[in-house]
Amino acid sequence: MAEQTATTAAAAPTVPGSTTLWVERTGTRAYTGRSSRGAEVLIGSQGVPGVFTPGELLKIALAACSGLSADFALSRKLGDSFDATIRVSGDADRDNEVYPQLDEVFELDLSELDDEARERLLVTVQRAIDKVCTVGRTLKVGSKVTLSFDIEA
């Protein structure tokens, strides 16, 4: 299970060449997530239109990680222009503020493959996701989370 601690130490140094991530408050219960590579995502409460909630972003990160982890194996067998949709769902346990279960459904058209080839591909895809999907692997084992404050006084 994730562990959270609070200190007033300075933030951890960034690794050269790594992407820096942060969020900035842009309004009441509204933030913009940013990366040093120029990406942005709008984040807010469920009632705010046009934004993702943090929980939705967690789910999307899981689905995207699974897709990216499987992409090479799928494109090798289906070609570079294959279509895929990964749906992810899971209700929050609001008493404990956790998602006790997240369910992914990988939608693929494998009609061009015979049963044996389809089964081999699905096993390969599952192995790839289990091996290299960092988000899924982290969610399955949990992660230590630290929190520090950089305060102007």
Cleavage-rule hits, GluC sites (Glu not before Pro), the range 51-153, DSSP coil, Cβ neighbours within 10 Å at most 14: GLU97, GLU112, GLU152
Sparsely packed trypsin sites (Lys or Arg not before Pro) within the range 67-149, loop by DSSP, other Cβ within 10 Å at most 14: ARG94
Crossing angle, helix 115-132 versus the chain [Cα axis fit, 0-90 degrees, rounded to tens]: 20 degrees
Compactness index (Cα Rg / 2.2 N^0.38 Å), the chain: 1.27
Apportionment of accessible area to carbon and sulfur, the range 96-153, percent (1.4 Å): 49 percent
Dipole magnitude of the chain, debye to nearest 20 (Cβ charges: Lys/Arg +1, Asp/Glu -1, about Cα centre): 520 debye
Set of lysines with alpha-carbon distance to LYS77 below 26 Å, sequence-local pairs under 8 removed: LYS131
Expected 222 nm ellipticity per residue - DSSP helices of 4 or more, -39500 (n - 2.57), all of the chain, to 500: -11000 deg cm²/dmol
Positive minus negative residues near ALA64 (Lys, Arg vs Asp, Glu; Cβ under 13 Å): -1
Over the chain, relative contact order from alpha-carbon pairs under 8 Å, at least 6 apart, %: 31 percent
Nearby lysines by direct alpha-carbon distance to LYS59 (threshold 17 angstrom, same-chain neighbours under 8 apart not counted): LYS140
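The values are calculated or read from the model by the stated rules, or taken from the named source; none is laboratory data. These numbers come from a predicted model, not from an experiment. Counting neighbours? That spans all protein chains shown, and the Cβs are built from the backbone with ideal geometry, glycine included. Just so you know, the surface numbers come from the protein's heavy atoms only, side chains and all, with ligands and any DNA or RNA stripped out. Shrake-Rupley method; radii C 1.70, N 1.55, O 1.52, S 1.80 Å.
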